[in-house]
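Here's the structure, in structure tokens; my notes come after.
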């Protein structure tokens, strides 16, 4: 009987030790993007200050404000899920340079990525067009930049890994200054058309914003894999 009690005691000690080790291991589980720990990501909320960007046809959405909101949320999402360092080119309603022309402003934004030796640059925008029927989401990359094209493909596909009732406009090689003059891997995401009623309502939806920031980060993590 004494041997049985001792044996049961040993078994209980083993089980307790296993449970403690399991709990400790669970606490030390890395973030899902742990392999991004040494990465620097620059997020550029398009426009700002006197440059309002596009204006919504129905809700009166001001693009510069929505760009900033999306960028701030994206920054939080990346920081929550990875150990990356995230830099915003602007953190409020200002331009980087005062009393300057657009090209100089764009040059200043690219300079942020260069100064930080960024591993990734993402510019956030919302589109507009004279035909209000035009809608959808597009991811741009620098024309003739094959590596950036792959990045754009991954992120665009990830964005649509959710139910979105808008057009997938795919990826597009473009000559936007912040893309073609950027030495870091760079993309510019147009998250819908402010000129289209359905798109404008969607882009202002908290649910869409939350899902989309998750999917963009999914794409970033996949890219760095």
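Values in this text are rule-based calculations from the coordinates and carry no lab data. Given the structure is predicted, the values throughout are model-derived calculations rather than measurements. Every residue, glycine among them, receives a Cβ derived from its backbone with ideal geometry; neighbour counts consider all protein chains shown.
Distance from the Cα centroid of segment 103-159 to that of segment 79-97 is 15 Å (rounded to whole angstrom). Taking 10 °C and 1.306 mPa s as conditions, segment 165-225 diffuses translationally at an estimated 117 µm²/s according to Stokes-Einstein applied to its Kirkwood radius (Cα pairs).
For the ranges 174-180, 68-74, 144-150, 43-49, what's the packing order if you count other beta-carbon atoms within 10 Å of each residue, average per peptide, and put the highest first?
On the way: 174-180: 17.9, 68-74: 20.3, 144-150: 14.9, 43-49: 24.4.
Peptide ranking by packing, descending: 43-49, 68-74, 174-180, 144-150.
Taking the fewest neighbouring Cβ atoms within 10 Å as the starting point, the ordered list for 139, 82 is 82, 139. As a proxy for reagent exposure, 201, 75 were ordered by neighbouring Cβ count within 10 angstrom, fewest first; the result is 201, 75.
Assign one of three labels to segment 129-169, namely rounded, prolate or oblate, based on the Cα gyration tensor with a ≥ b ≥ c the square roots of its eigenvalues; rounded applies when a/c is under 1.5, prolate when it is not and a/b is larger than b/c, and oblate otherwise. Judged from the Cα gyration tensor, segment 129-169 comes out oblate (a/c at least 1.5, b/c at or above a/b).
When the alpha-carbon atoms of segment 72-225 are used, the pair Rg, Dmax equals 15.2, 43 angstrom.
Taking all pairs of different Cα atoms in segment 81-125, averaging 1/r and flipping that mean, what Kirkwood radius in angstroms comes out?
Values: mean 1/r = 0.0846 Å⁻¹.
Its Kirkwood hydrodynamic radius stands at 11.8 Å.
The fraction of Cα-Cα pairs per 5 angstrom bin, counted from 0 for segment 87-159, comes to 3, 12, 17, 21, 21, 17, 8, 2, 0 percent, rounded to whole percents. Counting every other Cβ atom within 10 Å of each residue's Cβ, 97, 106 order from fewest to most as 97, 106.
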